[in-house]
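Inspection log for the structure reproduced underneath, given as structure tokens.
The values are calculated or read from the model by the stated rules, or taken from the named source; none is laboratory data. Predicted model only: the values in this text are computed from it and were never measured. Glycine also receives a Cβ, built like all others from the backbone with ideal geometry; neighbour counts cover every protein chain displayed.
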Amino acid sequence: MHKPIVKANILLIEDEENIRVFISTTLKNQGYKITTASTGKEGMHLSASICPDIILLDLGLPDMDGMEVIQKLREWTATPILVISARSNEHEKAHALDLGADDYITKPFGTVELLARIRTSLRHSSQMQDMSSIHPKPYHHNNLTINFEDHVVTLKGNIIHLTQIEYKLLTLLARNSGKVLTYTSIMEKIWGPYTDNNNQILRVNMANIRRKIENNPAAPEYVFTEIGIGYRMVEGD
């Protein structure tokens, strides 16, 4: 059984259209999934909604300084941030890194260097996640198995294909199995504090998950709704 290959999801926050198109085209040609934003506010909302694997951030944005974007992102996410900026001053670089950026590349830059920096940031992020999780043992209950290390979910031995958000939701519940997670806490952990208070998007994703893993979604055996509070996943075996 081959593990499905998941392409890295990259968010590019850059206001200059020619640079945005150049970077997007370059990354798409390398097999990356790319989402773009031209303002800081749009970038923060997208970072909460698509949960990117890495964020490429220009500092000279039209609505707010990129330094402020770094600060706000670091209030709730550890997603790698690679600054791409024309500011070459050492103080600017140090300030961005002190605020929480993972790397800094100065414009103009070559394609080879950009791709190398992205690979390095993604590799480091993956290593940090492995260290923090200390390879937790798979979740297993009845016919459902979640292998956290391989990012694979199986039901009766068959791989269940989940979207990125669905997988993050399911693993969040599985890592906290037996506990009730409130709607608010789930929304903040998955979509960040900049998401709307309306939890309809959470309900839709949970309904999709249940259709994929439950024999009868109306009478679940894995994920239960605590009316008016949140969700609870049954403890693993």
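Could you list all residues from region 155-177 that are more than 14 Å from the chain's Cα centre (by Cα), β-branched (Val, Ile, Thr) and crowded, with 17+ Cβ neighbours inside 10 Å? Answer for region 155-177, where residues must be more than 14 Å from the chain's Cα centre (by Cα), β-branched (Val, Ile, Thr) and crowded, with 17+ Cβ neighbours inside 10 Å: just Ile160.
Of the residues making up region 132-143, at least one is outside the structural domain of Glu75 (by TED's automatic domain parsing), in contact with a strand residue (DSSP E or B) (Cβ under 8 Å, 6 or more places away or on another chain) and polar (S, T, N, Q). Does Leu162 fit the bill of being outside the structural domain of Glu42 (by TED's automatic domain parsing), at pLDDT below 90 and either in contact with a Pro (Cβ under 9 Å, 6 or more places away or on another chain) or not in a helix (DSSP H, G or I) (or both)? No. Exactly one residue out of Tyr167, Tyr231 is part of a helix (DSSP H, G or I) and hydroxyl-bearing (Ser, Thr, Tyr), and it is Tyr167. Can you tell me which condition Tyr104 does not meet? The list is (1) of a type in the set (Phe, Trp, Tyr); (2) part of a loop (DSSP other than H, G, I, E, B); (3) over 17 Å from Thr26 (Cα atoms), and all the others hold. It is condition (2) that Tyr104 fails.
Name the single residue, out of those in region 28-43 being under 11 Å from Ala8 (Cα atoms) and modelled with pLDDT under 95, that is surrounded by the most Cβ atoms within 10 Å (Cβ to Cβ). Checked region 28-43; the qualifying residue surrounded by the most Cβ atoms within 10 Å (Cβ to Cβ) is Tyr32. Is it the case that some residue within region 103-112 is out of contact with any Gly (no Cβ under 7 Å at 6 or more places or on another chain), modelled with pLDDT of 90 or more and within 23 Å of Thr163 (Cα to Cα)? Looking through region 103-112, none of the residues is out of contact with any Gly (no Cβ under 7 Å at 6 or more places or on another chain), modelled with pLDDT of 90 or more and within 23 Å of Thr163 (Cα to Cα). Glu235 satisfies every condition listed in (1) within 28 Å of Asn9 (Cα to Cα); (2) surrounded by fewer than 16 Cβ atoms within 10 Å (Cβ to Cβ) except (1).
Quick grid of which residues meet (1) in the same structural domain as Trp191 (by TED's automatic domain parsing); (2) buried (at least 20 other Cβ atoms within 10 Å of the Cβ); (3) touching a residue at least 24 places away in the same chain (Cβ under 8 Å):
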| position | (1), (2), (3) |
| --- | --- |
| His45 | no, no, yes |
| Ser49 | no, no, yes |
| Ile54 | no, yes, yes |
| Ile81 | no, yes, yes |
| Ser88 | no, no, no |
| His91 | no, no, no |
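Of all the criteria given as (1) crowded, with 21+ Cβ neighbours inside 10 Å; (2) touching an Asp or Glu at 6+ places or on another chain (Cβ under 8 Å), the one not satisfied by Val69 is (2).
Among residues of region 49-63 being assigned to a strand (DSSP E or B) and either of a type in the set (Val, Ile, Thr) or closer than 22 Å to Arg119 by Cβ (or both), the one that is nearest to the chain's Cα centre (by Cα) is Ile54. Right, His91: part of a helix (DSSP H, G or I) and on the phi < 0 side of the Ramachandran plot or not? Yes.
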